[in-house]
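The values are calculated or read from the model by the stated rules, or taken from the named source; none is laboratory data. Bear in mind that the values here come from a model prediction, so they are computed numbers and not experimental data. Heads up, the Cβs are rebuilt from the backbone with ideal geometry, glycines too, and the neighbour counts pull from every protein chain shown. Surface accessibility is based on the protein's heavy atoms, side chains included, excluding ligands, DNA and RNA. Shrake-Rupley method; radii C 1.70, N 1.55, O 1.52, S 1.80 Å.
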Amino acid sequence: MPRMSAEERRESVVRAATAEFARGGFHGTSTEAIARRVGVSQPYLFRLFPGKKAIFLAAAERCVEDTIRTFEEAAEGLRGEEALHAMANAYTKVIAERPERLMMQMQMYVAVAAAEQEGDREFGESVRAGWMRLWETVRQALGADVNETTVFLAYGMLINCLVAMGFPPGHRVWEGLYPSARLKGRLEK
């Protein structure tokens with residue numbers, strides 16, 4: 001079996017870190033757990049990334065970029081309400097099928113709040129920059145309508161919270177969402 005390049009190893013670390021941080025958060029995840037999941041030593045891990053914070057930020061960046069790509073692909077060739085429903089449907093499908101993406105997002109927000117309380121603004125600056133790229137992607141797909149963008153992202157955050165809390169598909173809390181944003185049937189096994 002051929003050896004992986006450093007870039008392939010970095011990619012493996014980002015995937016492993018996403019899964020580990022999604023489960024345990026920044027403070028509850030050890031670099032040892034990430035290294036073990038990838039199958040490398042901690043010293044090798046730190047040859048690829050300067051520290052745990054860099055690994056977390058790389059995983060956070062990937063999470064945001066994956067969400068942007070989900071929206072871009074769903075909205076391709078569409079505008080306005082058609083784009084809105086396509087993006088909502090694609091997003092709810094992704095978080096139902098890949099819950100680590102949702103949990104990584106939630107952990108990003110917690111990490112920002114905790115870091116900023118400790119006086120570290122780097123987490124927040126990075127995550128906010130990603131959020132603004134996401135916001136712009138949605139805004140463009142919705143015809144540059146700021147109000148629709150806000151409503152769409154607000155629904156998205158509500159969906160994130162409902163899924164993270166484990167509200168099952170078909171529960172009455174989903175009734176107020178537009179049909180393409182509902183998880184009805186998506187999480188059923």
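Odds and ends about this structure:
- Residues that are closer than 18 Å to residue 104 by Cα and aromatic (Phe, Trp, Tyr) were ranked within segment 1-60; the one that is surrounded by the fewest Cβ atoms within 10 Å (Cβ to Cβ) is 26.
- Residues of segment 152-172 satisfying the condition of being open to solvent by 50 Å² or more (accessible area, probe 1.4 Å) and part of a helix (DSSP H, G or I): 154, 155, 157, 158, 161, 172
- From 144, 129, residue being surrounded by fewer than 17 Cβ atoms within 10 Å (Cβ to Cβ), at pLDDT 95 or above and small (Gly, Ala, Ser): 129
- Residue under evaluation residue 143, criteria (1) under 29 Å from residue 77 (Cα atoms); (2) in contact (Cβ under 8 Å) with a residue 40 or more places away in the chain; (3) part of a helix (DSSP H, G or I), criterion not met: (3)
- Among (1) open to solvent by 70 Å² or more (accessible area, probe 1.4 Å); (2) farther than 20 Å from residue 169 by Cβ - the single one residue 98 does not satisfy: (2)
- Qualifying residue in segment 52-60 (condition: under 19 Å from residue 161 (Cα atoms) and of a type outside the set (Lys, Arg)): yes
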